[in-house]
Amino acid sequence: MLEAWCCPECQGFLTTSAGHIVCRECGLVVSREYVSPTYQLGDEQDLDRPDASMYASLGNRPHIVDGLGSYIGYHRDRYFRDASGKALPASTQKRFLRLKAVYGARVRVGSCETRYRTPRTLNRVAQLLMLGRQVRDRGAYLYKKITADGTARFSNNIVLMAVCLLVAIREFRDDAPITLEELASAFERCGHRVSVRAIVREAMKLKLETGFAPDLRRPEDYVPRVLSMLLNNEAVVRKAAQRGWGLNDYGAKLRKTMGRILDRIPSIKRGGRNPFIFAVSVAYAADRMLARESGRRAVLTQKLASLATEVAEYSIRDHYGVIKRVLAQDAVNRHGADNHSSPTVDAHMP
């Protein structure tokens, strides 16, 4: 997060204190401290590494609002027993049922209903996007961290939760290959007016407030998802079989060829293009390159890649033109650097 761990004012050594990163010399609060996306229930094991994990009590789960301590019975239990398993008397049953209802509603919500109900939206969005538990809990932790002291200014809790979930998605990279458009669409399906522009604007504000911002996506992060979408499309599977490919063999070689193409296209040549669309176009280019190298006909067409990945044909065509020019120029440069080598097959991509 911080380079060299030096104070920007006095160049003193930085340390952590009460959830903030401060300078030992002048006491300047540089930024907040965000622990690694790892959760451990119970006592801290290594006192020398307080930032190694985030610890939570059993009654305070990060993705929902719990009370202090444990539940009365199970979460939806309406019939209670004592420690030995014997059923409680009817009068005691009624009393604990009333206490459990009060404990489960007003005590947990109180005057902070908006912030307490926001995690419910998080759980619903995580289900719609099929996100893992670690991604969901990381987003919930960041939300609680930012709203804990009440000093950060933000538009509303739902947009802030969308930004926190975006940060978690970007941290887990190809384990959560969700695009920004899909994230905004999931919140809209839950009945909230959240747009891509609102998320980006709130993320920029959050960076100014806390110095913490989502990482930028790269096309490499979307390679597993693009391959999954292609190899699970019936038309692609059928055409691959017609070309004499086994599905596993075709997927492995396509992944390897995509890696070769991405390695030869530096970030400066990619410009500000959408990384997901760029990854789809790289898959299309890799299929054509693989067909030329194996002496077979190509499996993918621009229309088929568009149907399988839900990316517009003209976007694939535009990105593919850029990829083809960069690969051709790279082949010419390599051939000029080594007069004894012959131009690679990539320079003649159709």
Legend entry - Residue among V226, V311, V280, V326 that alone is in contact with a helix residue (DSSP H, G or I) (Cβ under 7 Å, 6 or more places away or on another chain), over 22 Å from L180 (Cβ atoms) and of a type in the set (V, I, T): V326
Inset, instruction - State whether the residues of region 98-114 include one that is closer than 18 Å to V163 by Cβ, part of a helix (DSSP H, G or I) and at pLDDT 55 or above. - result: yes
Inset, instruction - Would you check if there is a residue in region 320-340 being at pLDDT 90 or above and within 18 Å of L230 (Cα to Cα)? - result: yes
Inset, instruction - Inspect region 136-148 for any residue being assigned to a helix (DSSP H, G or I), aromatic (F, W, Y) and within 27 Å of I268 (Cα to Cα) and give the result as yes or no. - result: no
Legend entry - Matching option when the condition is farther than 18 Å from G211 by Cα, out of contact with any His (no Cβ under 6 Å at 6 or more places or on another chain) and buried (at least 19 other Cβ atoms within 10 Å of the Cβ), among L131, L142: L131
Legend entry - Lone unmet requirement of (1) without any contact (Cβ under 8 Å) to a residue 24 or more places away in the chain; (2) within 24 Å of R243 (Cα to Cα); (3) of a type outside the set (A, V, I, L, M, F, W, C); (4) assigned to a loop (DSSP other than H, G, I, E, B) for G272: (2)
Inset, instruction - Confirm whether I268 is closer than 27 Å to A176 by Cβ, surrounded by fewer than 19 Cβ atoms within 10 Å (Cβ to Cβ) and either β-branched (V, I, T) or in contact with a Cys (Cβ under 9 Å, 6 or more places away or on another chain) (or both). - result: yes
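Among the listed residues E310, E234, identify the single one that is within 23 Å of the chain's Cα centre (by Cα) and surrounded by fewer than 18 Cβ atoms within 10 Å (Cβ to Cβ).
Only one candidate passes the filter, namely E310.
Residues checked against (1) within 30 Å of K324 (Cα to Cα); (2) touching a residue at least 60 places away in the same chain (Cβ under 8 Å); (3) assigned to a helix (DSSP H, G or I):
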{"position": "A184", "(1), (2), (3)": "no, no, yes"}
{"position": "V200", "(1), (2), (3)": "no, no, yes"}
{"position": "A203", "(1), (2), (3)": "no, no, yes"}
{"position": "K207", "(1), (2), (3)": "no, no, yes"}
{"position": "E220", "(1), (2), (3)": "yes, no, yes"}
{"position": "R225", "(1), (2), (3)": "yes, no, yes"}
{"position": "V236", "(1), (2), (3)": "yes, yes, yes"}
{"position": "K239", "(1), (2), (3)": "yes, yes, yes"}
{"position": "I268", "(1), (2), (3)": "yes, no, yes"}
Inset, instruction - Tell me, please, whether a residue that is among the polar types (S, T, N, Q), modelled with pLDDT of 55 or more and either in a loop (DSSP other than H, G, I, E, B) or surrounded by fewer than 13 Cβ atoms within 10 Å (Cβ to Cβ) (or both) can be found in region 41-48. - result: no
Inset, instruction - Check off (1) in a helix (DSSP H, G or I); (2) within 34 Å of the chain's Cα centre (by Cα); (3) modelled with pLDDT of 90 or more for A298 and give me the number that stays unchecked. - result: (1)
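The values are calculated or read from the model by the stated rules, or taken from the named source; none is laboratory data. Remember, it's a predicted structure, so these values are computed and weren't measured experimentally. Using ideal geometry, Cβ is built from the backbone for each residue, glycine included, and neighbour counts are taken over all protein chains shown.
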